[in-house]
Structure formats: C-alpha cells, structure tokens
Amino acid sequence: MPVANIQATALLVAAFAQGRGDLLRTGMQDRLHQPYRAKACPLLPLLLPLAEMTEDSPVLGVALSGAGPSILLIAGNPAPPTLDDMIRQAAHDPGLEIIHTTISTGILQS
C-alpha cells in the first residue's frame, strides 16, 4: 500500500503540472490513510463516489483534508452552478457548509 500512495503522489504532481484532471482522479486515491480515517469522518465515504462517477463528472478528486473532518473536493474549471447541490445531495445534508476557493484560473480541465 505505501508504494501505491507514493505512485499516486507522483501522479498528483504530474496532474497539476500538466493541468490534467484525468490524472488527478487517480492521483487523489489514497489507500493508506483514508480507509482507516473514514470511520472518524462519516462525510468522506459519502463524497468519495463523486470523483468516481464518470469522466464527464465535474468532480476531479475527493480527499480527507488533513486529519479531518473537512473534505477537500477538487472540481474542474469552470465548475457547474449545480455543484453545491450535487455535494449536498451526496452528503444527505442540505445545510452542509461549502467553502469555495481557487488554485489558479484554468489549471485543471475536466
């Protein structure tokens, strides 16, 4: 498992360097930490499937943010106006607080 995470880290760097959202989906898959921490962060297993939907999905990656309980979700640019509703529906929480930020304009294309 540690080797898989090291490979994912290299892929994640390549995804950002090349602006490739398709690589980001795979690069954000964690096999070492997230499976064990998911029990302490019930939102994680609800949101992880958003990144696995299809290649056309606006969600490029989902990960536990630090030790949790926050979740980092990376969406393509531009993100659709329905993204917040999609996240809240997956989380089964219409009042879920969502904070938007950007890395850089146009760095990742879905």
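Check the range 5-18 and report whether any residue there is modelled with pLDDT of 75 or more, outside any loop (DSSP other than H, G, I, E, B), open to solvent by 60 Å² or more (accessible area, probe 1.4 Å) and in contact with a Leu (Cβ under 6 Å, 6 or more places away or on another chain). So far as the range 5-18 goes, no, none of its residues is modelled with pLDDT of 75 or more, outside any loop (DSSP other than H, G, I, E, B), open to solvent by 60 Å² or more (accessible area, probe 1.4 Å) and in contact with a Leu (Cβ under 6 Å, 6 or more places away or on another chain).
Residues that are out of contact with any helix residue (DSSP H, G or I) (no Cβ under 7 Å at 6 or more places or on another chain) and among the small types (G, A, S) within the range 68-98 comprise S70, A79, G95, listed in sequence order.
The values are calculated or read from the model by the stated rules, or taken from the named source; none is laboratory data. Keep in mind that what you see is a predicted model, and the values were worked out from it rather than measured. Note that each Cβ is placed from the backbone with ideal geometry, even for glycine, and that neighbours are counted across all protein chains shown. Only protein heavy atoms, including side chains, enter the accessible area calculation; ligands, DNA and RNA are left aside. Shrake-Rupley method; radii C 1.70, N 1.55, O 1.52, S 1.80 Å.
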